[in-house]
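The values are calculated or read from the model by the stated rules, or taken from the named source; none is laboratory data. What you see is a predicted model; the values in this text were computed from it and never measured. Note that we place each Cβ from the backbone using ideal geometry, even for glycine, and neighbour counts take in every protein chain shown. Quick note on the areas: whole protein, heavy atoms, side chains included, nothing else; ligands and nucleic acids left out. Shrake-Rupley method; radii C 1.70, N 1.55, O 1.52, S 1.80 Å.
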Amino acid sequence: MKTAIKAAISSLLAFIILSCATAPNEYREVDTAAGQADFTSAVEAIRRGQNRRRALYPERNAVQLFLDKGLLEFYAGNYEASSADLQNAERLIEEAYTKSITEGFFTYILNDNSRQYPGEDFENIYLNIFNALNYYNRGDLEGALVEIRKLSQTGGKLDMLARRYEYTDPSTGASLQDSLQRETGISQLPDTKSVNFSNSALARYLGALFYQAEGNLDSARIEFNQVHRAFRTNSSIYRHNVPNAVEEARNVTAQTARLNVICFTGLSPIKQEQLVMHYLPFRHPVLAISAFKLPVLTRRPSLITKIEVIVQGEDGFYLELLEDMGLVIEETYNARFSSILLKTYIRTIIKYAVADIAASEAARQGGELSGLLIALAARTALDASERADTRMSRFIPNRAYIGGINLDPGTYSVIINYYQGDNILSFDSFPDVVVDSGRLNLLNAVNLR
């Protein structure tokens, strides 16, 4: 085989070797334990996985590791360990924004899996909410409020999120999705609208409770009002009524002993690889139909349809939906899908162009059969090398429900029943819940089914 052909093939192989992603890691043991609500065992499964020769979460997936472990530690009641993990995730996400342009450039040539996972915007939001609950459960209200303020203050994460994906082509007035469809010729694209999420009712509600417990009633009033504003201004997310529990919590006085309950259910959408075929005008027909592998969100339906809380000696009550976290995730992720598509398109063109050059050179020097063999080998290798970046936290809940009841001060047994239709699917029991007047009594529960 002549030198030119060897050089072309060498270039092709270099792309293939560098762009190959590690095969998907096996999370079955962790998922099984979490699905059985054995969160301690799920955390232990992660620790064992990290001690293997090939770690369950490679070093470049550290953000995902700390998010998954931090959430599972929270569900297990290990609040200090959870806080440490979530803070590590937040630190690494912040560092990702200061990385040099070099790493971003190479994702256009190799693939997104080749870089450190920087986290998603929704992960950067919800880690603060869960860390706020970590601080509350450790008796640190000020720490809880610090986490909430990172989201809600002017210039905070929610404010920045609303601005990040606003884009209009100044020359045509077209949206980024319109521009991409025009430039790439791919007409069937997922919706890539601007983010319509700039105010979290969940964050505001927790902030109101924490301010109320701190005695800062004016700030609590503002946060309760912001819950209503979130519903008004984010109608694509909040498609239901403001829960009655919001006003009930607002009207609590220093003499009231109120038990507030917040419950997280289900598992939020997860990224899965989707194959999109597209025509590219290359010489060899075998390279003309390219395969784009894109990370698309897929919902994970929950079995739970309603949640009942039974407090010893009292009538039961049902929790109300406050925030559909799955919808928040879809909204914020789809807003940046256009940039993922653009990088994938450029990367695919580069790889297929190199393959087409190699095949054309082989055909010129060795005949059409040689060119065809090179094109076939290149197509097989390229399809194997490209992999969508499906990394994300696997254990963010899908929905947040709230409710509450005013009680006489005392210690109560509380049972939370999770229903599928009219049948009780499972339950949680809390035998010694202390409810006092003049302070925040907040019980958090989780069921990922």
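Net charge of the neighbourhood of S360, taken over other residues with C-beta under 13 Å away and scored Lys/Arg +1, Asp/Glu -1, is -1. Highest mean first, the peptides 211-222, 418-429 sorted by other C-beta atoms within 10 Å per residue fall in the order 211-222, 418-429. Charge tally for I416 (other residues, Cβ to Cβ under 12 Å; Lys, Arg +1; Asp, Glu -1): -1. Taking E368, E80, E123 and ordering them by how much accessible surface each has at a 1.4 Å probe, largest first, produces E80, E368, E123.
Sorted from longest to shortest, the spans of the Cα atoms of the range 375-449 along the three principal axes equal 77, 32, 18 Å.
Over the range 322-449, all Cα pairs binned in 10 Å intervals from 0 give whole-percent P(r) values of 9, 21, 18, 14, 12, 11, 8, 5, 2, 0, listed from short to long. The smallest convex shape that holds all Cα atoms of the range 208-336, its convex hull, gives 152 Å³ per residue.
Local charge for K306 was computed over the other residues whose Cβ lies under 12 Å away, with Lys and Arg +1 and Asp and Glu -1, and equals -2.
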